[in-house]
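Quick note: the coordinates plus some simple rules give every number you see, no bench work behind them. Source: prediction; values computed, not measured. Using ideal geometry, Cβ is built from the backbone for each residue, glycine included, and neighbour counts are taken over all protein chains shown.
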Amino acid sequence: MKSPQSAARYVSLLTARDASAGRRNAFLLIELRWLAVFGQAFTIAFCSLEFGVELPLPWMFLVIGLLVVLNLVSMLRPRGEGEIGDGSLFASLLVDFLALTTLLFLSGGASNPFIFLYALQVMLGAILLRPFSTWVLVGLTCIAFALMTRYHLPLTIPGAQPGRMLALHVAGTFVCFMLVVVLLVLFFGRISSNLRKRDERLAEMRQQASEEDHIVRMGLLASGAAHELGTPLATLAVLVGDWRHLPEFRDHPERSQELADMDAELRRMKGIVGGILLSAGEARGESTDLTTLARFLEDLVAAWRLLAPNTPLEYTIEEPLDAATFQRLPIVSESSLRQIIFNVLDNASDVSSGWVGLSARCWEGELQLTVSDRGPGFPPEMLEHFGKPYQSTKGRPGGGLGLFLVVNVLRKLGGSVRAANSSLGGATVTLIIPVSALAIDGEDIAA
């Protein structure tokens, strides 16, 4: 049986920027760099043309051009699906630091009012990076600031008076201040949102781990109980078989029939115990059944009708249908999948003994099973917490574990569950299962 988890794909950051917090933050840095590129180009051109500031324009636009190339490569180059870590984000901020340092060196060094953009880079590092990387960035910016107080190309305006130079410096400082505070509000809000989404995802993963641990403990309990029940059930079966030959039962048809009913129930209990052990992977000498989706569902419907003869089950196959996959693709007869479908049908039968519907659709690599009933539907609070343990409308202690197991088994197969109330009355539960999670390699099975 194929794993539901596909191999890692390689996509560009532009395509998968919403996949994780690290990717969103990396794309955020790229957006910030685009703003820096356009802002730097405009500022350089404006100061040179409007105020006649003498600047080494070829070198400065070379730096801006390299930032453009880096941005395009960062956005479009193929990447794996893994998280973008601290090292990649630190390297990105380091490139921005080097570009800003070069531009400041070419335009007055520490006397350039835009030197306070270093503070913006440090603040970004404080949010995105680990403490060690942040302090490295702090050290680099402090060293660069100190060195540029002595080593830089002078910023000169031909014929400008000292007062004019001071006014331009104050104006540049004001523009830098507005730029920093606006970017802080815009980008830091988005970074905080990315981090909150990451924390929510981690909380969801911890919840899933807790639920899986709960399932493991339930499985161990069920497996242990099945082992313990095996011996007394076998003993009872032997006793019932011996009683068949006693005159007290053999010569009394009514007692003989009661004994036959007892034997049938014992066989049913032994089958349930065997199914538990089979689902736990502890059955021995059992061969795996090779079947198709169509046969699997037909056998499942027939078996459930025998178990619930008083509840009419309407089984339909819906269009559009991938007939080749549905009727000929070889799959493994998955006992756990069979059991969870039984759970959903049993729940529907409990609230709608007059009619239960099961519809199947196989399309675009998915098997979609919808169980419908004519009962009272799900309460709103149960729909909100659907699939959580102990959420039940039956009022029994320990109720609600059936749907909990349904959700988690399908999640293991790479599928999902949807529950809703029908506008015509009753409820529907839809199981979505990837066909690849059940399929095996081999030739098609003849219909």
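Observations on the model:
- Segment 11-158 shape via C-alpha gyration tensor axes, a/c threshold 1.5: oblate
- Simple spin-label estimate for SER192 and GLU50 gives 3.3 nm between the two label positions (7 Å along the Cα-to-Cβ direction from each Cα).
- Projecting label points 7 angstrom from Cα along Cα→Cβ for GLN257 and ASP199 puts them 6.9 nm apart.
- Treating r as the C-beta distance of TYR315 and LEU66 and R0 as 56 Å, the FRET efficiency rounds to 0.30.
- Rounded if a/c under 1.5, otherwise prolate or oblate - segment 290-437, Cα gyration tensor axes: prolate
- Proximity of backbone amide H atoms, modeled 1.01 Å from N, is registered between THR292 and ILE331 at under 5 Å, excluding neighbours fewer than 5 places apart on the same chain.
- Nonlocal amide H pairs with GLY414, under 5 Å, H built at 1.01 Å: none
- Charge tally for ARG374 (other residues, Cβ to Cβ under 13 Å; Lys, Arg +1; Asp, Glu -1): -3.
- Stretching the chain fully between ASP242 and LEU290 yields a gain of 13.5 nm (0.36 nm per residue, less the alpha carbon separation).
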